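Following: one structure in structure tokens, then a few remarks.
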Amino acid sequence: MKKVFFLDFDGTITKKDTCDAMIEAFAGPEGAALTALWEKKEISTVECANRAFQLFQANLDDLAGFLDTIGIDEYFPRFLAYCETKGYPVYVLSDGYDFNIEFIFRKFGISLPYFANRMIYDNGFQIACPHLNQACGRCGVCKRTLMERLKEPDAQTIYVGDGASDFCPASHSDVVFAKGRLLEYCREKGIAALPMEGFQDVLKELERNN
């Protein structure tokens, strides 16, 4: 069966959530409190980001230097190679930032289509959300809408993620690989999900069912 993969970025492809990590590094405890409010769905991605950015003590060079310390899942390149040999499309859907994704992909030689919020810097950081669902407005990037647009007829939709922005798309996928808060959510809601620690587990499952 043809498969289409939709992947979260922060904490799924990367070893650390770049958004949480940069808020911790540059916005301190007040920024962490905003993240907690976002995770409880008390504020939107847009509000969380713009309020956190007001606290930032950093510029783009500081952010780039910070991102240079963040690695990716060691098995991710092997996963991409496997998908390429099978002809499986892979899309990255992130409620994080294009700057972070571009930096990490460039560093590790990764080329993938991705959808994310735009980070704007002009003597300060701002967020722009070209993939916002105005009817909902919680996430800056509506992953569910993008999945519906990108999935192929008769293809199995597979989602891989770890966090709160993955709850909705996971609920509308044929197969879910989950860890962290996403795995907890799936178990709470009775959503079938394959537990994973990293892409080695995704590969094992794919090769087992090949």
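The values are calculated or read from the model by the stated rules, or taken from the named source; none is laboratory data. Keep in mind it's a predicted model, so treat the numbers as computed, not measured. FYI the Cβ positions are ideal-geometry reconstructions off the backbone, even for glycines, and counts take in every protein chain you see. Side chains are part of the model used for accessible areas, which takes the heavy atoms of the whole protein and leaves out ligands, DNA and RNA. Shrake-Rupley method; radii C 1.70, N 1.55, O 1.52, S 1.80 Å.
Some observations on this one:
- Output for region 39-85, where each listed residue is open to solvent by less than 50 Å² (accessible area, probe 1.4 Å), under 19 Å from the mean Cα position of the chain (by Cα), over 15 Å from G28 (Cα atoms) and among the aromatic types (F, W, Y): F76, F79
- Every pair of residues 6+ apart whose Cβ atoms lie under 7 Å, when the first sits in region 1-20 and is more than 18 Å from C142 (Cα to Cα) while the second is hydroxyl-bearing (S, T, Y) and open to solvent by 10 Å² or more (accessible area, probe 1.4 Å): K3/Y88; D20/T35
- For N123, the stated conditions do not hold, so it cannot be described as closer than 21 Å to I23 by Cβ and in contact with a Leu (Cβ under 9 Å, 6 or more places away or on another chain).
- Of the criteria (1) in contact with a strand residue (DSSP E or B) (Cβ under 9 Å, 6 or more places away or on another chain); (2) more than 27 Å from C83 (Cα to Cα); (3) touching a residue at least 40 places away in the same chain (Cβ under 8 Å), which one A128 fails: (3)
- Screening region 1-78 for helices (runs of 4 or more DSSP H) wholly inside it with 1 or more residues that are closer than 23 Å to Y185 by Cα returns the ranges 18-26, 28-39, 45-53.
- Residue pairs meeting the criteria (Cβ under 6 Å; at least 6 apart or on separate chains; first touching a residue at least 60 places away in the same chain (Cβ under 8 Å), in region 101-115; second among the basic types (K, R) and open to solvent by less than 80 Å² (accessible area, probe 1.4 Å)): none
- Within the option set I23, I13, being more than 22 Å from Q200 (Cβ to Cβ), in contact with a helix residue (DSSP H, G or I) (Cβ under 7 Å, 6 or more places away or on another chain) and crowded, with 20+ Cβ neighbours inside 10 Å holds for one residue only, I23.
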